[in-house]
Amino acid sequence: MRTIDFTALEKRFQMAAGLATLTEVDEFFFKQAVNTRADLVWSRIKWPELQTLVEKTVAATTSPIAADKAVQIDNAVDIQDVFKVYNKNPLTDRSAILIDFQLINGYVVLPANSTQSSIFIMGNLVRPEYGKESGDEQNVPMFLMNYLVAGCLSDFLRGDGQTEKAMQEEQRAEEYLALEMDKAERIESQNKITFNTYPSYSFGVNILTTT
C-alpha cells in the first residue's frame, strides 16, 4: 500500500491553511482531526488497500454468548470488520468455500454442526492511531491524503469561525473521497472472487475461480 508520512501530511495541511508555522495546539488539533476523519471513512466501503486475510482458531465460548464454534474478533489486533469467512485460504487453495456465519456480540459464530477447527476471515485492517509521536503509526494511506487535508482544513476553518470557507472545503473533501471510492469500487469489481455453484466438472463440489 502506498503511504504518505504523517509529517508530510501535516506540512500539506499547513500550506493549505496558509500558516507559517504550527503551534502545539495546531499540531494536537491536526492529529485529532486526522484520526477522527480516518475513523469515519475506514469502514465506509471495502477499501482494497485496507483488506486483509487472517486465519483464526475456532473454539467454544460460554460468555458473553454460548456457542460451540466461535471466534472472538472485537479485541483482535489484526482485523476490524468481517466481510467473508472461508474454510481454507481462498488465495492459495482452489477448493476453498464460503462458510455461513453470524456476527454476535463481537464474535464470528459458525453453525453448531460445523466441523471447522480454524477459519480464514477476509476483512479490513484495524485502524491505527496516526501521528508522529512514539507508538503512533506514521504512515498514512495515500488514497486518503487529499480527503484528510481538505477535511482537516474544513474542521480548522469551522473552529476559526469561517463557516462558509469550511463548507467549501468540506465539499472538496467529499469530492476527493468520492473519487477514491469510485476507484476502489472498480478495483473491487475487477478482483471479485466468485464461486461456481453448478456441478460441471466439479463432481458436486464448489470450485473457487477468480476473475
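Of the residues that sit in region 91-101 and are among the charged types (D, E, K, R) and loosely packed, with under 13 Cβ neighbours inside 10 Å, which one is farthest from the chain's Cα centre (by Cα)?
ARG94
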Fill in: Residue list for region 1-21, filter: under 13 Å from LEU153 (Cβ atoms) and outside any helix (DSSP H, G or I)
GLY18, LEU19
Worksheet item: Which of the residues belonging to region 1-50 are free of Cβ contacts under 8 Å to residues at least 60 places away in the same chain and among the aliphatic types (A, V, I, L, M)?
Response: ALA8, MET15, LEU19, ALA20, LEU22, VAL25, LEU40
Fill in: Single residue of region 131-168 satisfying the filter (part of a loop (DSSP other than H, G, I, E, B) and free of Cβ contacts under 8 Å to residues at least 24 places away in the same chain) that is surrounded by the fewest Cβ atoms within 10 Å (Cβ to Cβ)
SER134
Practice prompt. Would you point out which residue out of LYS88, LYS69, LYS56 is in a loop (DSSP other than H, G, I, E, B), over 26 Å from PHE143 (Cα atoms), touching a residue at least 12 places away in the same chain (Cβ under 8 Å) and over 9 Å from the mean Cα position of the chain (by Cα)?
Written response: LYS88
Worksheet entry | region 1-43: number of residues that are surrounded by fewer than 17 Cβ atoms within 10 Å (Cβ to Cβ) and either at pLDDT below 95 or of a type in the set (S, T, N, Q) (or both) | 7
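The values are calculated or read from the model by the stated rules, or taken from the named source; none is laboratory data. Just so it is clear, the model here is predicted, and its values are computed rather than measured. For neighbour counting, all protein chains shown are included, and Cβ atoms are generated from backbone atoms with ideal geometry for every residue, glycine included.
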